[in-house]
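Below is one structure, written out as structure tokens; the observations come after it.
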């Protein structure tokens, strides 16, 4: 790789890092699902949301990572444009692309903490720990330390309380 190409790659990586610090989110959701053995599904995801006017920025990020999807959320509230979400949910892509990127390129805001927790959860899920109740509870407790620090629906559920 030439020095010029290396400089461009570093600029894009730093831009993505700053964009994520401002507009990105690492989240883990517990979704009730009666069709699963445990009655719950766990969804880790990396998301960046932007208005329609900034869609090209999301396309650059998607092309850089080479994975994930763009989704449109046609707004009907106080926004004048649709919102777009760049989202990566694949455990394989999270492990092979997103975790290494953010481990090598440290976030500067509190999202660094969210990423550290997110990283632990993705690694636990890769080891299939989420398939056991003990693992699900441990993941739910970790989720409480992310983003808005609210108690997980999973931990508050009567289904979970019954199993304790």
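The values are calculated or read from the model by the stated rules, or taken from the named source; none is laboratory data. Since this is a predicted model, take the numbers as computed values, not measurements. Positions of Cβ are backbone-derived with ideal geometry, glycine not excepted, and every protein chain shown enters the neighbour counts.
Name the residues in region 72-92 that are modelled with pLDDT under 95 and surrounded by fewer than 13 Cβ atoms within 10 Å (Cβ to Cβ), would you?
72, 73, 74, 76, 77, 78, 79, 80
In this structure, does residue 152 turn out to be at pLDDT below 90 and farther than 18 Å from residue 16 by Cβ?
Numbers: at pLDDT below 90: yes; farther than 18 Å from residue 16 by Cβ: yes.
Criteria met by residue 152.
List the pairs whose first member sits in region 27-39 and is over 21 Å from residue 115 (Cα atoms), whose second member is assigned to a strand (DSSP E or B), and whose Cβ atoms are under 7 Å apart, counting only residues at least 6 apart or on separate chains?
From residues that are over 21 Å from residue 115 (Cα atoms), the pairs are 32/40; 33/40; 33/41; 39/32.
Could you tell me whether region 4-14 includes any residue that is farther than 15 Å from residue 102 by Cα, outside any helix (DSSP H, G or I) and at pLDDT below 90?
no
Can you name every residue in region 41-76 that is in contact with a helix residue (DSSP H, G or I) (Cβ under 6 Å, 6 or more places away or on another chain) and closer than 21 Å to residue 126 by Cα?
42, 44, 46, 65, 67, 68
Tally time: how many residues in region 118-137 are buried (at least 16 other Cβ atoms within 10 Å of the Cβ) and either touching a residue at least 60 places away in the same chain (Cβ under 8 Å) or closer than 13 Å to residue 42 by Cα (or both)?
Here the count works out to 9.
For residue 95, state whether it is exposed (fewer than 15 other Cβ atoms within 10 Å of the Cβ) and assigned to a helix (DSSP H, G or I). Don't jump to the end; show me each part of the working.
Details: exposed (fewer than 15 other Cβ atoms within 10 Å of the Cβ): no; assigned to a helix (DSSP H, G or I): yes.
In short, no.
Table: residues versus (1) more than 11 Å from the chain's Cα centre (by Cα); (2) part of a loop (DSSP other than H, G, I, E, B); (3) surrounded by fewer than 13 Cβ atoms within 10 Å (Cβ to Cβ).
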position	(1), (2), (3)
18	yes, no, no
29	no, no, no
38	yes, yes, no
64	yes, no, no
